[in-house]
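**Student:** This structure is in structure tokens; I'll ask about it shortly.
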Amino acid sequence: MDQTNPLEIKRLDSIDRLWVREFITTDWGSPEIVVHGAVYFPENLEGCKALIEGAIAGLITWSISGSSCEIVTLNSTRQGSGIGTALLQAVENTAKENSCASCWLVTTNDNRTAIRFYRKRGYRITAIDRGAVDAARRIKPAIPLAGEDGEPIHDEITLSKRL
């Protein structure tokens, strides 16, 4: 991030719920996220927003349960500019503050960019759930059958990092 566009990371609060819903709906095709058989509404989750000169540049949401923190969504409007890394660091710091031993997330088999992003930041593939996305489509039919490069989407890949 260059010095002319300082990046700010701020926690979400109740006044952010509507824009989070709209942001997720635009980027994910609907307001709900279906992953590992669970349905999440990110506007109801803990999260942080990234701002550049007051404009939304990214969003991360998570759910803490016991000693682990699940990252539910991570979006950056400017890939390769450090926004995703800054948001990820914010959630990892929050997880540590809440005595979490690990952070984890699920992505799909076609999302090589996300897999590469997380692995470069210390996350490891810890599970592959074959056919999980096919099952999720029964809950959320809007999930595409193929990724942007045409690769069929069928499986969920879990990545985890010890904190």
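The values are calculated or read from the model by the stated rules, or taken from the named source; none is laboratory data. Not measured: the values here are computed from a predicted model. Cβ sites come from the backbone with ideal geometry, for glycine too, and all protein chains shown count toward neighbours.
**Student:** If I ask for residues that are of a type in the set (S, T, N, Q) and in contact with a helix residue (DSSP H, G or I) (Cβ under 8 Å, 6 or more places away or on another chain), which ones from the range 49-67 would you list?
**Tutor:** Correct list: T61 only.
**Student:** Counting just the residues of the range 69-87 that are under 15 Å from I52 (Cβ atoms) and among the polar types (S, T, N, Q), which one comes out surrounded by the most Cβ atoms within 10 Å (Cβ to Cβ)?
**Tutor:** My answer is N75.
**Student:** I'd like to check something: does the range 44-52 contain any residue that is surrounded by fewer than 18 Cβ atoms within 10 Å (Cβ to Cβ), under 13 Å from the mean Cα position of the chain (by Cα), modelled with pLDDT of 95 or more and among the hydrophobic types (A, V, I, L, M, F, W, C)?
**Tutor:** no
**Student:** Can you tell me which residues in the range 88-113 are part of a loop (DSSP other than H, G, I, E, B) and under 18 Å from C48 (Cα atoms)?
**Tutor:** N98, C100
**Student:** Under 6 Å between Cβ atoms, at least 6 apart or on separate chains: pull out the pairs that start in the range 126-138 with a residue that is of a type in the set (D, E, K, R) and end on any residue that is surrounded by 14 or more Cβ atoms within 10 Å (Cβ to Cβ) and not in a strand (DSSP E or B).
**Tutor:** Once the first residue is of a type in the set (D, E, K, R) and sits in the range 126-138, its partners that are surrounded by 14 or more Cβ atoms within 10 Å (Cβ to Cβ) and not in a strand (DSSP E or B) give R130/D155; D134/H154; R137/I143.
**Student:** For the range 16-36, give me each residue that is within 20 Å of L145 (Cβ to Cβ) and of a type in the set (D, E).
**Tutor:** D27, E32
**Student:** How many residues are more than 15 Å from D27 (Cβ to Cβ) and at pLDDT 95 or above if we restrict to the range 53-65?
**Tutor:** The number of residues fulfilling the criteria is 4.
**Student:** Can you give me the number of residues within the range 114-143 that are part of a loop (DSSP other than H, G, I, E, B) and either under 19 Å from G37 (Cβ atoms) or in contact with a strand residue (DSSP E or B) (Cβ under 7 Å, 6 or more places away or on another chain) (or both)?
**Tutor:** 8
**Student:** Further, regarding this structure: Between a residue in the range 141-157 that is over 12 Å from W28 (Cα atoms) and any residue that is among the acidic types (D, E), which pairs come within a Cβ distance under 6 Å, given they are 6 or more apart or on different chains?
**Tutor:** Going by the 6 Å Cβ cut-off, the qualifying pairs are G147/D110; E151/D110; I153/D110; H154/D134; E156/D129.
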